[in-house]
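Visitor: For reference, the structure I am asking about is given below.
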Amino acid sequence: MTRYEVRISGFGGQGVITLSKMIITASSLYENLAATQTEAYSASARGGRCWAEVVVDLDKEIKIINYPKALKPYDFLIILSEESANLIKPEDIKKDENTGYLIWDPSTIKKFRAVRRIEKALSIPVQILAVENFGNIVFGNSILFGAFTILSGFISEESAIETIKNFVPSSTLDKNLEAFELGKKEAQEFLKQLKEGKD
Amino acid sequence: MSKARFQEKRILTTGNYACAEGAITAGCLYFAGYPITPSSEIAAYMSRRLPQVNGTFIQMEDELASITSCFGASYAGMKAMTATSGPGFSLMAESIGLGVMLEAPAVIVTIMRGGPSTGQPTNASQSDVYQTRYASHGDYEIIVLAPSTVQEMYDLTIRAFNLSEKYRIPVIVASDGILGQMMEVVNIHSNIELVERKKPQVPPEKYKPFEAFDDDLVPGMAIAGTNYSFYVTGLTHDIEGNPEMTPEAAEVLIKRLCEKIRKARPQINDWEEKHLDDANIVILAYGINARGVPEVVEQARQKGYKVGLVRLKSLWPFPDELMERIGQMGASKVIVCEMNNGMIIREVQRFRHLFMVSGITIPTTIPFSPKFIYEKLMKEV
C-alpha cells in the first residue's frame, strides 16, 4: 500500500482547511501524485470542531485515489485543539519507520493524554511562535507546512515554496517563507533527536 | 456533433466547481438556481463564470422558478442548467415532467445530502436515487448520470448536456455532498465532443414542433422568436403542439416520449467493469460509494476469490442489457453497495432468474470503506 493518510483537526479559523489545501496542491499539482482532499463543511468550519483530510498516493504510477477519505491508522496527524486531542488514541497512528508522525500545538492544547504513547509526536507551539516571530497567528500555517514538508518527505522544497506563493498575498510572502523555514527547522531538530534516541 | 478545442490543462478543484466548469465547457449559457447546501458552490461559480462567456446567471426566488426558467432559456436556444439538493429537487419535481413533456433540453444537478426532509444538509447520501427517477407524476423516462470522481463531475456534466441536446430531455447529474466538496485534479482535454440539438427539418410553413421524422423519435427543435411559430404545452398534445384530450393522443405521445429514451439505452448506458469474464461474484456500486470497491476486488482476487466489479456511470434508464450479460457470463451472485436503504438493488433484483442478488444497503453518510466491504464480502463467498 502506497497510500499516505493525513488528517488535520482543530477548530474553525485555525487554518485547518487551508493547510490541507496546501498539502494537496503541493502533492498533486507540483509532485504529480494522485491525491484527494475532504473537509468539514459549513458551521463546523467556522469556529466549531473542524477537520480536513488529504490522501496522497506515493506511487507515481497510480492515477487515482480509490477511497477518498483518510483511513486509520494515519500516516500523519496534525492536532490543533484540545477537543480534537481528546479523540485521539495511540493506535490511530502508524508505527512503521518514516511514518506515523503527530504534530500538536501545546499553545492550544493543555492536556493531550494519548501523546505520551505516541513515539513520533512533535509539539510545536505554533500560535505562540507565529505571534512572537511574525505578529499574527495566520503565519502558523506556513510553520506547520514547513514541518509537514520535512517529516512527510514526499514534497520537495521547490514544490512547497511554489505552493506557498500560490496561497499567500505577495506582500506577506517573505514572512511566510521565514515561517516555513522555522517549521522546517523544528522538524529537522526533531528528526535528529529521534535518530539519536535510537542510536 | 462538433469537436470543440480547449486548452489542455490540469486543475485542482472541487466536485462542484468541476461540474460548473464542465457546464461552461459544454456551452451552457444560462443558469437559474436557488442556493442550497451542499450544492451552492455550483451557483456561486456560475455567477462569476457565466458573465465572462456572455451567459446569464439568475438567482431565482425558489426552485420552482429555477427549473421552469431553464426550460424557457432552452426554448430560447440556450443550453441551460440548474443545481440543487434533495429538498430543492422536491420543489422542482412537478416541472421535471413539464421538461419531459415540452422536450426541453436542460441539465439538473442534484448534490445528494441526507434526508428525508432537512436531513443532514452538510453530509452525503445516495438516498435520492429514486427521486431522480420518479420525481414527477406521469409516465415518463429520464436520464440520470452518476459521477464518482471530481474528473467525472466535469466529464459527465458535459455528457449530460450532450444527451439532453441529443434526446431533448432534462438530464440529471446525481452527485453527493462528499464528491461535491472534495478536491482532486481534473484534466481538461483539448478535444471535447459537443452535441447540439436537432434543428427543424422543414421550412417554417411546414413545421410541426412535435413531428419526429427520424428513427430516434426526436423532433427538430425550433427556437422561439425565429420564423418558426409554434405552441407548446404541458397538456397532452398532438404533433402540432395543440392540446388533444383523446385516449389515442395520450398513447401516441407517451409512447414516443418513453420510447425515444428506451431505444437509446445502448447509447446512453455507461459503466466501468472489471474481471467480469471469470467473475463468480460481482460487486455493483455507483457514485462516491463505488470508490471503496476496486481495492476490495483486488484484495479478494489475491486470495483466489473470483470477484468482479461493475460501476454504473448512468443509473437511469437502468442498463438491463448489462444485467443480462452478467448473467450470461456466469456470475452467480451480484452484491449491490449503496448508501441508501436499497434502491438500485431493486432494479437488479428483476434479474434474479439469472443470478442471486444481495446488498449492502445502508442509509449512511460516509462511503463504505474497503475494509467494511471486504468483511461483508467474505460472508458472501
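Visitor: Looking at the structure I just gave you, is residue B:169 in contact (Cβ under 8 Å) with a residue 40 or more places away in the chain and within 14 Å of chain A (Cβ to nearest Cβ)?
Guide: No, not satisfied.
Visitor: Taking residue A:71, is it in a loop (DSSP other than H, G, I, E, B), within 14 Å of another protein chain (Cβ to nearest Cβ), farther than 18 Å from residue A:153 by Cβ and touching a strand residue (DSSP E or B) at 6+ places or on another chain (Cβ under 7 Å)?
Guide: yes
Visitor: Give just the number: which of (1) under 18 Å from the mean Cα position of the chain (by Cα); (2) within 12 Å of chain B (Cβ to nearest Cβ) does residue A:77 not satisfy?
Guide: (2)
Visitor: Quick test of your reading of the structure: residue A:26 fulfils all but one of (1) modelled with pLDDT of 95 or more; (2) buried (at least 24 other Cβ atoms within 10 Å of the Cβ); (3) away from chain B (no Cβ under 12 Å). Name the failing condition by number.
Guide: It fails just one condition, (3).
Visitor: With the range B:274-350 as the region, which strands (runs of 3 or more DSSP E) entirely inside it contain at least 1 residues that are within 14 Å of chain A (Cβ to nearest Cβ), within 23 Å of the chain's Cα centre (by Cα) and at pLDDT 95 or above?
Guide: Correct list: B:281-286, B:307-312, B:333-338.
Visitor: Another one. Considering (1) of a type in the set (Val, Ile, Thr); (2) within 10 Å of chain B (Cβ to nearest Cβ); (3) farther than 25 Å from residue B:374 by Cβ, say which one residue A:54 fails and leave the rest.
Guide: (3)
Visitor: Could you look through the range B:318-355, keep only residues that are of a type in the set (A, V, I, L, M) and more than 20 Å from residue B:296 (Cα to Cα), and pick out the one that is surrounded by the fewest Cβ atoms within 10 Å (Cβ to Cβ)?
Guide: Of everything passing the filter in the range B:318-355, B:329 is surrounded by the fewest Cβ atoms within 10 Å (Cβ to Cβ).
Visitor: Tell me, yes or no, whether the range B:64-72 has at least one residue that is within 14 Å of chain A (Cβ to nearest Cβ), of a type outside the set (Phe, Trp, Tyr) and either touching a Phe, Trp or Tyr at 6+ places or on another chain (Cβ under 7 Å) or closer than 24 Å to residue B:234 by Cβ (or both).
Guide: No, the range B:64-72 contains no residue that is within 14 Å of chain A (Cβ to nearest Cβ), of a type outside the set (Phe, Trp, Tyr) and either touching a Phe, Trp or Tyr at 6+ places or on another chain (Cβ under 7 Å) or closer than 24 Å to residue B:234 by Cβ (or both).
Visitor: Among strands (runs of 3 or more DSSP E) lying entirely in the range B:26-95, which contain 3 or more residues that are aliphatic (A, V, I, L, M) and in contact with a helix residue (DSSP H, G or I) (Cβ under 6 Å, 6 or more places away or on another chain)?
Guide: The qualifying strands (runs of 3 or more DSSP E) are B:79-84.
Visitor: Of the residues B:122, B:118, B:110, which is among the polar types (S, T, N, Q) and either away from chain A (no Cβ under 14 Å) or surrounded by 24 or more Cβ atoms within 10 Å (Cβ to Cβ) (or both)?
Guide: Result of the check over B:122, B:118, B:110: B:110.
Visitor: Something else now. Checking residue A:99 against (1) surrounded by fewer than 17 Cβ atoms within 10 Å (Cβ to Cβ); (2) away from chain B (no Cβ under 14 Å); (3) part of a loop (DSSP other than H, G, I, E, B): exactly one of these is not met. Which one?
Guide: (1)
Visitor: Also: Can you tell me which residue among B:224, B:212, B:174 is in contact with a Pro (Cβ under 7 Å, 6 or more places away or on another chain), touching a residue at least 24 places away in the same chain (Cβ under 8 Å) and among the aliphatic types (A, V, I, L, M)?
Guide: Among B:224, B:212, B:174, only B:212 is in contact with a Pro (Cβ under 7 Å, 6 or more places away or on another chain), touching a residue at least 24 places away in the same chain (Cβ under 8 Å) and among the aliphatic types (A, V, I, L, M).
Visitor: Going by the conditions given, is residue A:115 in contact with a Ser or Thr (Cβ under 9 Å, 6 or more places away or on another chain) and either at the interface with another protein chain (Cβ under 10 Å from one of its Cβ atoms) or among the acidic types (Asp, Glu) (or both)?
Guide: In short, no.
Visitor: Also, I was wondering about something else. Inside the range A:112-148, can you point out the residues that are part of a loop (DSSP other than H, G, I, E, B) and either surrounded by fewer than 19 Cβ atoms within 10 Å (Cβ to Cβ) or not aromatic (Phe, Trp, Tyr) (or both)?
Guide: A:118, A:119, A:120, A:124, A:125, A:135, A:136, listed by residue number.
Visitor: Give the range B:363-381 a look and list any residue that's under 22 Å from the mean Cα position of the chain (by Cα) and more than 14 Å from chain A (Cβ to nearest Cβ), or say none.
Guide: Within the range B:363-381, just B:363 meets the criteria.
Visitor: Surrounded by fewer than 20 Cβ atoms within 10 Å (Cβ to Cβ) and within 12 Å of another protein chain (Cβ to nearest Cβ), is that true of residue A:31?
Guide: Considered against the rule, which asks whether it is surrounded by fewer than 20 Cβ atoms within 10 Å (Cβ to Cβ) and within 12 Å of another protein chain (Cβ to nearest Cβ), residue A:31 comes out as yes.
The values are calculated or read from the model by the stated rules, or taken from the named source; none is laboratory data. Because the structure is a prediction, the values reported are computed rather than measured. Quick reminder, even Gly has a Cβ in these numbers, built from the backbone with ideal geometry, and neighbours come from all protein chains shown.
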